[in-house]
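J.: Before we start, here is the structure in question, set down as structure tokens.
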Amino acid sequence: MSEPERAADGPPLLALYRAALRRAPHAPALADGERVWSYAQLDAAAAALAARLRAAGVAPGERIGIALPRGADLVAGILAAFALGCAYVPLDPDYPPARLAYMLHDAGVGCVLTDAEHVERLGGYGGRALGPGGAVLREPGARPRTAPERETGADPAAYVIYTSGSTGDPKGVLVTHGNVAALLRATLPLFDFTPADRWSLFHSFNFDFSVWELWGAFATGACAVVVPRDVAAAPGRFAAFLAAARITVLNQVPSVFKHLAAGLEDGGRPGFALRWVIFGGERVDLDAVSRWLALTRPHGPAPRFVNMYGITEITVHATFRELSEADLTQPARSPIGRALPHLRIALVGEAGRPAAPGEVGEMYVAGEGVARGYVGDPARTAERFVERDFGAGGQRWYRTGDFARAAETGELEYVGRADGQVKIRGFRIELGEVEAALRRHPEVLDGAVAAERNRLGEPSLVAYVIWRGGPPEPRQAAVDGLRAFLAERLPRHVVPARFVFVERFPYGLSGKLDRSRLHEAGRTGP
């Protein structure tokens, strides 16, 4: 894409969409239920919405909150935000009002695009709320709203996605158009995507895997197909949906794919059109891939499976590894391959020195995908986005907190995390955030949270609680109360699946909580 095209068509992502629009205006861009929008129809809807937002006072450079269910209105809202020169802030309508209010204030959101069903969940937000068609749902209140930060410069912000924060509050990662455009330029040539492909739009827009799902489709002139929420939650129905909708590109968090593969064992064997299955968000489950292949190969050609390590701060994906038959014979490993062409990955061992081949080191990532930083938090940005020289001159690197080892060939194998951050169903969760919310309960003297395997072998959160005055009776009432208390403050995927009441926590010689022994406290406690 030439620079004149960029200037004429708006910021890079909007320019990508409009290039596809010019190539095939009547090709399907988005399918949502029975309705299919062509590239021209979706562009017209976005342009009309942008005009209404402009008339309502939305100015270039603002951040627009979008609190809508996954579907055409949400996608049109993103395109409209870009047309106005604005960044969007995804706000899951199911998040607790207190969390939504925090994100709105922290991001300096100037207005929110929502609907009549969800506007009341915006809590104490004092800004303007507009409907999908641009109608005013709520005028600014008497309380002055946070002044929106204006975006300027050659590489404007595209979105702010909030990830779990270790201090008890989520942190907003500011990602630019240039970051996403670089991801697409570097990554799409590694596949053989075509305009005939149909991409599943499965993930929450609060999870940046959705950025790859949507813009991978648009950048290649393909069709993004919305997976209904109730279908996504039922593996058997989801498998049938994939077959009926003729999905060719499926992006999945490994733990979700594990359920999908298990669903095939319980149901039929529908004929799939899948060509690519792309994993991201957490350690790959090679057993699930083997199970899928064993169940589907008799019924048609197998798709190609790719494992891509990634993290929000480096823009979705950082590595590429197509899984081979040999990989499937070693289910304990998590091969993530090599850095994408627009990135560099350094493995850093003790004392900040590069790790030798075969040694475990923390992954540092540099290149065009590295985000600008955390919104309104220069101290945290400086801590995680660092200047280092690993033999190729000074560069800005993101310290991922993830550890890997490299083979002599340069191929990387993911090892895990070294801090209190875990991934469950693709969402990054800071255990400290859950603990901070737990300790706010008036009857909780102290709380600790760990990620443990449940009966199905999947990671889930377990809360260990020291109750004021000793263990509560009846315990189930206390558990129900804790769960309801946390549900008002945390997203559903962050609320622990189990609660265990204990008398004390285990500590190591350093005086720090020994999370690995929390389960022992549960066995020996009251």
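J.: Among Gly469, Gly457, which is the only one that is exposed (fewer than 13 other Cβ atoms within 10 Å of the Cβ) and closer than 23 Å to Arg417 by Cβ?
T.: Numbers: Gly469 fails: closer than 23 Å to Arg417 by Cβ.
The match here is Gly457.
J.: If I go through region 441-481 residue by residue, how many of them are in contact with a helix residue (DSSP H, G or I) (Cβ under 8 Å, 6 or more places away or on another chain) and part of a loop (DSSP other than H, G, I, E, B)? Explain how you work it out, then say what you get.
T.: If we filter region 441-481 for residues that are in contact with a helix residue (DSSP H, G or I) (Cβ under 8 Å, 6 or more places away or on another chain), which is where we start, we get 441, 443-444, 447-452, 458-459, 461-465, 467, 472.
Then keep just the ones that are part of a loop (DSSP other than H, G, I, E, B); that gives 441, 443, 458, 472.
So the answer is 4.
J.: Shifting gears a bit: Which residue out of Leu461, Leu445 is in contact (Cβ under 8 Å) with a residue 12 or more places away in the chain, closer than 19 Å to His519 by Cβ and of a type in the set (A, V, I, L, M, F, W, C)? First the steps, then the outcome.
T.: On the way: Leu445 fails: closer than 19 Å to His519 by Cβ.
Result: Leu461 is the single residue among Leu461, Leu445 that is in contact (Cβ under 8 Å) with a residue 12 or more places away in the chain, closer than 19 Å to His519 by Cβ and of a type in the set (A, V, I, L, M, F, W, C).
Let's see how each residue does on (1) crowded, with 22+ Cβ neighbours inside 10 Å; (2) modelled with pLDDT of 95 or more; (3) in contact with a His (Cβ under 7 Å, 6 or more places away or on another chain):
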{"site": "Val175", "(1), (2), (3)": "yes, yes, no"}
{"site": "Pro189", "(1), (2), (3)": "no, yes, no"}
{"site": "Phe207", "(1), (2), (3)": "yes, no, no"}
{"site": "Gly216", "(1), (2), (3)": "yes, yes, no"}
{"site": "Thr220", "(1), (2), (3)": "no, yes, no"}
{"site": "Ala224", "(1), (2), (3)": "yes, yes, no"}
{"site": "Asp230", "(1), (2), (3)": "no, no, no"}
{"site": "Ala234", "(1), (2), (3)": "no, no, no"}
{"site": "Arg237", "(1), (2), (3)": "no, no, no"}
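J.: Let me ask something else. Select, from Gly337, Gly369, the only residue that is in a strand (DSSP E or B), modelled with pLDDT of 95 or more and not hydroxyl-bearing (Ser, Thr, Tyr).
T.: Testing whether each residue is in a strand (DSSP E or B), modelled with pLDDT of 95 or more and not hydroxyl-bearing (Ser, Thr, Tyr) leaves just Gly337.
J.: Among all residue pairs at least 6 apart or on different chains, which show Cβ distances below 6 Å where the first residue, located in region 25-41, is assigned to a loop (DSSP other than H, G, I, E, B) and the second is at pLDDT 95 or above and among the aromatic types (Phe, Trp, Tyr)?
T.: Between residues of region 25-41 that are assigned to a loop (DSSP other than H, G, I, E, B) and residues that are at pLDDT 95 or above and among the aromatic types (Phe, Trp, Tyr), the close pairs are Pro25/Tyr39; Ala27/Tyr39.
J.: Here's a follow-up. Let me spell it out: the conditions are (1) at pLDDT below 90; (2) under 21 Å from Thr248 (Cβ atoms), and Ala273 meets all of them except one. Which number is the exception?
T.: Going through (1) at pLDDT below 90; (2) under 21 Å from Thr248 (Cβ atoms) one by one, Ala273 breaks only (1).
J.: Still on this structure: Give just the number: which of (1) more than 27 Å from the chain's Cα centre (by Cα); (2) farther than 24 Å from Asp106 by Cβ; (3) open to solvent by less than 60 Å² (accessible area, probe 1.4 Å) does Arg23 not satisfy?
T.: Here Arg23 clears every test but (3).
J.: Condition test on Asp115, is it among the charged types (D, E, K, R), open to solvent by less than 40 Å² (accessible area, probe 1.4 Å), farther than 20 Å from Leu174 by Cα and not in a helix (DSSP H, G or I)? If you could, list the steps in order and put the result at the bottom.
T.: Details: among the charged types (D, E, K, R): yes; open to solvent by less than 40 Å² (accessible area, probe 1.4 Å): yes; farther than 20 Å from Leu174 by Cα: yes; not in a helix (DSSP H, G or I): yes.
Spelling it out, Asp115 is indeed among the charged types (D, E, K, R), open to solvent by less than 40 Å² (accessible area, probe 1.4 Å), farther than 20 Å from Leu174 by Cα and not in a helix (DSSP H, G or I).
J.: If you go through region 370-379 one residue at a time, do you hit one that is touching a strand residue (DSSP E or B) at 6+ places or on another chain (Cβ under 7 Å) and either over 24 Å from Val316 (Cα atoms) or open to solvent by 50 Å² or more (accessible area, probe 1.4 Å) (or both)?
T.: Going through region 370-379, the residues touching a strand residue (DSSP E or B) at 6+ places or on another chain (Cβ under 7 Å) turn out to be 370-375, 377.
Narrowing further to those that are either over 24 Å from Val316 (Cα atoms) or open to solvent by 50 Å² or more (accessible area, probe 1.4 Å) (or both): 372.
Yes, region 370-379 contains a residue that is touching a strand residue (DSSP E or B) at 6+ places or on another chain (Cβ under 7 Å) and either over 24 Å from Val316 (Cα atoms) or open to solvent by 50 Å² or more (accessible area, probe 1.4 Å) (or both).
J.: Further question: Being farther than 22 Å from Thr315 by Cβ and out of contact with any His (no Cβ under 7 Å at 6 or more places or on another chain) is true for just one of Ala346, Ala356. Which residue is that?
T.: Details: Ala346 fails: farther than 22 Å from Thr315 by Cβ.
Of the residues listed, the single one that is farther than 22 Å from Thr315 by Cβ and out of contact with any His (no Cβ under 7 Å at 6 or more places or on another chain) is Ala356.
J.: Also, I was wondering about something else. For region 389-399, indicate whether the set of residues that are under 28 Å from Asp327 (Cα atoms) and not aliphatic (A, V, I, L, M) is non-empty.
T.: We begin by selecting, within region 389-399, every residue under 28 Å from Asp327 (Cα atoms); these are 399.
Now narrow it down to the ones that are not aliphatic (A, V, I, L, M): 399.
Within region 389-399 (the criterion being under 28 Å from Asp327 (Cα atoms) and not aliphatic (A, V, I, L, M)), the answer is yes, since at least one residue qualifies.
J.: Among the listed residues Tyr364, Tyr309, which satisfies the condition of being touching a residue at least 24 places away in the same chain (Cβ under 8 Å), buried (at least 18 other Cβ atoms within 10 Å of the Cβ) and in a loop (DSSP other than H, G, I, E, B)? Write out each step before concluding.
T.: Details: Tyr364 fails: in a loop (DSSP other than H, G, I, E, B).
Unique residue meeting the criteria: Tyr309.
Let's see how each residue does on (1) in contact with a strand residue (DSSP E or B) (Cβ under 6 Å, 6 or more places away or on another chain); (2) within 22 Å of Cys223 (Cα to Cα):
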position	(1), (2)
Val277	yes, yes
Asp285	no, no
Ser290	no, no
Ile314	yes, no
His317	no, yes
Leu323	yes, no
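J.: Let me ask something else about it. Has region 134-156 got any residue that is within 28 Å of Ile424 (Cα to Cα), among the aliphatic types (A, V, I, L, M) and modelled with pLDDT of 75 or more? Working first, answer last.
T.: At the first step, the residues of region 134-156 found to be within 28 Å of Ile424 (Cα to Cα) are none.
No, region 134-156 has no match at all.
J.: Taking region 175-192 as the search range and keeping residues that are assigned to a helix (DSSP H, G or I) and touching a Ser or Thr at 6+ places or on another chain (Cβ under 7 Å), which one is nearest to Gly376 (Cα to Cα)?
T.: Filtering region 175-192 down to residues assigned to a helix (DSSP H, G or I) leaves 177-190.
From what's left, touching a Ser or Thr at 6+ places or on another chain (Cβ under 7 Å): 179-180, 183, 188.
Numbers: Asn179: 19, Val180: 21, Leu183: 25, Leu188: 33 Å.
Among those that are assigned to a helix (DSSP H, G or I) and touching a Ser or Thr at 6+ places or on another chain (Cβ under 7 Å), it is Asn179.
J.: Only one of Ala107, Ala50, Ala116 is small (Gly, Ala, Ser) and closer than 28 Å to Asp197 by Cβ; which?
T.: Selected residue: Ala50, the only one of Ala107, Ala50, Ala116 that is small (Gly, Ala, Ser) and closer than 28 Å to Asp197 by Cβ.
The values are calculated or read from the model by the stated rules, or taken from the named source; none is laboratory data. Because the structure is a prediction, the values reported are computed rather than measured. Virtual Cβ from ideal backbone geometry, glycine too; neighbours counted across all protein chains shown. Accessible surface areas use protein heavy atoms only, side chains included; no ligands, DNA or RNA. Shrake-Rupley method; radii C 1.70, N 1.55, O 1.52, S 1.80 Å.
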